[in-house]
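Read through the structure below, which is laid out as structure tokens, and then see the notes.
All of the numbers you see were taken from the coordinates with simple rules; none came from a lab. Note that the structure is predicted; figures quoted are calculated from it, not measured. All Cβ positions, glycine included, derive from the backbone under ideal geometry; neighbour counts span all protein chains shown.
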Amino acid sequence: MSVRIKNWKVAAVIAVVLSVGAISVVGVTIGRYIYLGKNDDGAHIFHTEDWETVVTLDDSQVTDVEQTRQDLEEIEGLRQQDKRELLKVKIMTADGTLEMRVHVYKYELSDGRTIDMPEGIEGEYALGEERFQEWRQLEKAGPGEDLGTYEETVEGRVFSFEREKYVLNDGTEIIWSVGTPKDEQ
């Protein structure tokens, strides 16, 4: 009996050592996400324990809070391992200043589902809520003035960007550019 227990303990120690080794080789630190609730607009708010990452999702993106929380944790691990595909780049400038740059990545989860997740990369985010909402209304009403296209290399791939100009009531010029991989057009 003691021999079996000893063999079992040795096997358990080996399994733990192998698991720790595999985790340290991959080097992934999965942050735990916490569900905060809904904001005044009805959007679901999730954040990491350290508040370094905050994710806001609308009702159409959240059917089960716990499943969404788990998905965000898996996506974080995939992001850290760079196991994702860049699908789209969105750039907004306001009077020539970078307002925001967002990359939309596709993640393939372990259960086979794919999720497209926008990630803010950089920008001033100085436009303010009122002017941002005014731009959103203009964009929903139809395309802005067509400014043509241009190409830019992003993360090693050539993207083709379509540009549109919108002018807000206060005269602020918004340039909205959306880029997709040129090799998929």
Along the charge dipole of the range 35-91, Cβ charges K/R +1 and D/E -1, which of Ser60, Phe46, Leu87 sits furthest on the positive end?
-> Leu87
Computed from every Cα-Cα pair in the range 55-137, P(r) in 10 Å bins starting at 0 and rounded to whole percents is 15, 41, 30, 14, 1
Which FRET efficiency value, to the nearest 0.05, is calculated for Lys140 and Glu49 with the Förster distance at 45 angstrom and r the Cβ-Cβ distance?
-> 0.80
Could you state the number of Å between the C-alpha centres of the range 116-179 and the range 38-112?
-> 19
Based on the Cβ-Cβ distance from Leu109 to Glu173, what FRET efficiency comes out when R0 is 35 Å, to the nearest 0.05?
-> 0.30
In the range 109-166, if every C-alpha pair distance is counted and binned at 10 Å from zero, what percent goes to each bin?
-> 16, 30, 39, 14, 1
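Quick one: divide the alpha-carbon radius of gyration of the range 80-185 by 2.2 N^0.38 Å and tell me what you get.
1.17
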